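Working notes, beginning with the structure itself.
What follows draws every value from the coordinates through simple rules; no lab data is involved. Remember, it's a predicted structure, so these values are computed and weren't measured experimentally. For neighbour counting, all protein chains shown are included, and Cβ atoms are generated from backbone atoms with ideal geometry for every residue, glycine included.
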Amino acid sequence: MATPALVIDEAVVRRNIGRMAAYAAEHGLALRPHAKTHKSLRMARLQLSAGAVGLAAAKVGEAETLAEACDDLLIAYPAVDEPRCRRIAELAREKTIRVAVDSAFAADALATAAREAGSTVGVLVEVDVGFRRTGVQSPQAALALARHLDRTRGVRLDGIMCFPGHVTGPADEQDLSPVAEMLAETLELWSAGGLAAGIVSGGSTPTAYQSHRIPALTEIRPGTYIYNDMNTVAGGHCGVEDCAVRVACTVVSDAVPGKVVIDAGSKALGSDPARTADGGFGRVVEYPEARLVRLSEEHGEVGVTGCERRPALGERVHVIPNHICPCVNLYDQAWLRREDGQWEPMPVDARGRLS
Ligand SMILES: Cc1ncc(COP(=O)(O)O)c(C=O)c1O
């Protein structure tokens, strides 16, 4: 196999999928994995056959690709512009499509597109529970938007969505009560106003196994859990052995003292910083004492002064990136190590579908 290459261990993937599916089933939560992590029809089918009710996507292009494997998709991302809304409305002619909205502007744009396409788009009102990225800012604002959606032809008010992306620490340090309170208050207001939220969708990988502490939730949307990465390890949410994806690299230079260079830089690993001070740009699996200290586009500089034995020129090593989702999006094709030990090429079907 030519390097750098994305290699995926199917046994670990299946274990990760199974663990999350069992948790969701135990707590009566619907599981809607966010497919932006894998962007793969094969992985989507594994999740669906393990009990996922559907998938989440960020971009319409991802949803269009995933629709080949899935009839029930949530676009957990704002849609306000005409081309995007038109594609969503087209998709909704054949599939159950929901979109998270946080403005009347988005609601109206979607509704117009849906009426023109002769379809109905389900909508979830996104509530900001603390991440401060998107979402209406109060339960009262959620009620006002819900009332607007309820009156608008072309869209169907299905519930609420939130994303607690600000909660990344270890499970026993997570304070999810503000999230629980905001959702409970929103539901109370809706119910007093005669509106129902059939779906309350939340969840990220760091908070996924704590979702039962947020009673309002009916559904969770973790994405990273299928593969995991060094940030998930740093948060205490999994072990290195639960990381299913590595970038296979070759040592291409040892000319500069104290370091070796691998053939994977930011174009092969992504360049997300580590969540821990000493984390570097990922973990070199065979040399845990090594530090991936600097990336250029095609070079990864690995400090090896802490290593008893140093990687040799030409040696194959494997890196677990800090953030697996943007890393996967760098590859048209991954190599899957099946459970029978055979290697199989696997397309990253929705790779680069960013619009
Ligand atoms: C809206 C939304 N939902 C769910 C997820 C999945 O979270 P995680 O990557 O922690 O699994 C993300 C991730 O970015 C997201 O933006």
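Report the antiparallel proportion of the DSSP beta bridges in the chain as a percent, rounded to a multiple of 5.
Roughly 45 percent of the beta bridges in the chain run antiparallel, per DSSP.
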### Message
Could you work out [θ]222 nm for the chain from helices alone, using -39500 (n - 2.57) per DSSP H run of at least four and dividing by all its residues? Round to the nearest 500 deg cm²/dmol.
### Response
-8500 deg cm²/dmol
### Query
Helix by helix, which DSSP H runs in the chain go 15 Å or more along their axis at the Cα atoms and have an average Kyte-Doolittle hydropathy of -1.0 or more?
10-26, 104-117, 139-151, 177-192
### Summary
So, relative contact order of the chain in percent, Cα under 8 Å, 6 or more apart, is 19
### Task
Net charge near Glu181: determine it from the other residues with C-beta under 15 Å of the C-beta of Glu181, scoring Lys and Arg +1 and Asp and Glu -1.
-3
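What number comes out for the charge environment of Arg133, summing +1 per Lys or Arg and -1 per Asp or Glu over other residues with Cβ under 11 Å away?
Within the 11 Å Cβ shell, the charges total -2.
Stokes-Einstein D for region 69-139 at 37 °C, 0.692 mPa s, Kirkwood Rh over Cα pairs, in µm²/s?
For these conditions, the coefficient is 267 µm²/s.
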### Task
Could you list Val53, Val328 in order of exposure, starting from the residue whose Cβ has the fewest other Cβ atoms within 10 Å?
Val53, Val328
### Task
Provide Rg and Dmax in Å for region 240-347, with only Cα atoms included in the calculation.
13.7, 41
## Note on the structure
Exposure proxy check on Met20, Met346: fewest-to-most Cβ neighbours within 10 Å is Met346, Met20
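Just the ratio, please: alpha-carbon radius of gyration of the chain over 2.2 N^0.38 Å, N its number of residues.
So the Cα radius of gyration is 1.05 times the expected 2.2 N^0.38 Å.
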### Residues in region 102-119 that a label on Glu82 would reach, taking backbone N under 16 Å of a point 7 Å out along Cα→Cβ
106, 108-117
### Query
What is the local net charge at Arg309, summed over the other residues whose Cβ is closer than 14 Å to its Cβ (Lys, Arg +1; Asp, Glu -1)?
-4
### Query
Most mobile of Ala22, Ala264, Ala56 per a Gaussian network model of the chain (Cα springs, under 10 Å)?
Ala22
## Note on the structure
Contour minus Cα-Cα span, Arg151 to Ala22, at 0.36 nm per residue, comes to 42.6 nm
### Task
Of the DSSP beta bridges with both residues in region 88-180, give the percent that are antiparallel, rounding to the nearest 5.
0
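List Ser211, Ser271 from most exposed to least, where exposure is judged by having the fewest other Cβ atoms within 10 Å.
Ser271, Ser211
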### Query
GNM on the chain, C-alpha springs below 10 Å: top fluctuator among Gly54, Gly198, Gly130?
Gly198
